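Where a number appears in this text, it was derived from the coordinates with a stated rule and is not lab data. Only a predicted model underlies this, so the values are computations on that prediction, with no experimental measurement involved. Cβ atoms come from the backbone with ideal geometry, glycine included; neighbour counts cover every protein chain shown.
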Amino acid sequence: MMSEVLAVQVEAAAKAAGLVVVSTEAGEKYSGGATTKFVLALAADPSKSQLLELSEGFEFGRTDLMDGVKAYLAEAAKRLKNPRPDCYVTLHGLPLSFGRFGWPFHESTSGADTSLVHGEVRLEDGGESLLHAKIAASMTVTFRDVVAAPEQPFAEGFIYNAVRKTMDQGQLELVKSGNRQPVPLTTRYYSAKQQKFIFNDTTEEQRRGFLALKAFWLSGVLGGGAPVWLLDPRDAQYLNATMEELGAAVMALMAEGLVGGAADGGYAAATAKLMERRGAYADELARTLESIKPAFNESMRAGLTNM
């Protein structure tokens, strides 16, 4: 009965956001317990879909949680208009797709007082890359206090940004096979004074560069020239920028002739002029991939250790 009620509530909220529930199925939490998986699609284009997974006992009737889900679905509807809604770029030039996340958070089984969610990121350079990273994002007790609920709509955005930040710092390795790598979520990513998440401090030039990268990879390389949403609130959070600052960066790129298309709604496509940067962006990608490879300590090879 509870799952049926949740299904009705999600369907109504999805419809209000311009989405439809394509399918519903039962799922299971990592540490036990039931979830419900909803495949949501654009009402205007059912070929664009994404998965939403909620605990069966999710309290949809709570006003704060209901408002959070509605905001999440409204953003999802805009993001699903992207040619690759699952893809994001990092400040250091890595195009990544996010998938295989098992929601909600589950308690650590190792005895640590943390909550975890598992997922996977993959390099998306337009080729047949096998490079990926299986990740385990861990949330501390203190950090849990600032999250409305340990569920997908309330945590997906800052987890994706934490993964991007950790990747920028060279603390995640993209490999062909390997174990899960940790992505710690601590209060260093949250300003209690400002009551918001902060991942990077960026300049106007860096924001323009980031959005140019995003248009190049997500529109020009992966999207066949289709427009992408350049006013994504997740990117604003990742860049510690306001929506007005993102909008100004988009207008600057349009003035330079690097992106074009419909400015309304913040969607724009890569232009031929932007695609001329292919060589430079490929070099940047290669440098970043090289920088996140673990370096062997040559002094250990020579036996110069105190072990």
**Asked** Quick one: putting +1 on the C-beta of Lys and Arg, -1 on the C-beta of Asp and Glu, what dipole do you get for the chain around its Cα centre, in Debye to the nearest 20?
**Response** 400 debye
**Prompt:** At residue 146 and residue 62, where each label point lies 7 Å from the Cα along Cα→Cβ, what is the point-to-point distance in nanometres?
**Reply:** 1.9 nm
**Asked** Between residue 20 and residue 206, what FRET efficiency comes out of the Förster formula 1/(1 + (r/R0)^6) with R0 = 30 Å and r the beta carbon distance, rounded to 0.05?
**Response** 0.20
**Prompt:** Got a sec? Charge dipole of the chain, +1 on Cβ for Lys and Arg, -1 for Asp and Glu; which of 34, 47, 183 is way out at the positive end?
**Reply:** 183
**Message:** With the cut-off at 1.5 for a/c, could you classify region 1-70 from its C-alpha gyration tensor as rounded, prolate or oblate?
**Reply:** oblate
**Request:** Please find, in a Gaussian network model of the chain (springs between Cα atoms separated by less than 10 Å), the residue of 71, 17, 280 whose mean-square fluctuation is greatest.
**Result:** 280
**Item:** region 204-288, dipole about Cα centre (Lys/Arg Cβ +1, Asp/Glu Cβ -1), debye to the nearest 20
**Value:** 280 debye
**Message:** Using Cα-Cα distances under 8 Å and only pairs 6 or more residues apart, what relative contact order does region 1-145 have, in percent?
**Reply:** 16 percent
**Message:** Could you tell me the relative contact order of the chain? Use alpha-carbon pairs under 8 Å, at least six residues apart, and round to a whole percent.
**Reply:** 14 percent
**Asked** Nearest 0.05, what FRET efficiency do residue 278 and residue 171 give at R0 = 22 Å with Cβ-Cβ as r?
**Response** 0.20
**Request:** Please identify, among 200, 240, 179, the residue showing maximal mean-square fluctuation in a Gaussian network model of the chain using a 10 angstrom Cα cutoff.
**Result:** 179
**Request:** Work out the charge dipole of region 204-288 with +1 on the Cβ of Lys and Arg and -1 on the Cβ of Asp and Glu about the Cα centre, then indicate which of 253, 266, 227 is farthest towards its positive end.
**Result:** 227
**Complete:** GNM of the chain, Cα pairs under 10 angstrom: of 20, 163, 146, the biggest fluctuation goes to 146
**Item:** For residue 88, net neighbour charge (Lys/Arg +1, Asp/Glu -1) across residues whose Cβ lies under 11 Å away
**Value:** +1
**Complete:** dims of region 204-288, Cα set, principal axes, largest to smallest, nearest Å -> 31, 27, 21
**Request:** Using a 10 Å cut-off on Cβ atoms, rank the peptides 190-199, 203-212, 150-159, 281-290 from the highest mean neighbour count down.
**Result:** 150-159, 203-212, 281-290, 190-199
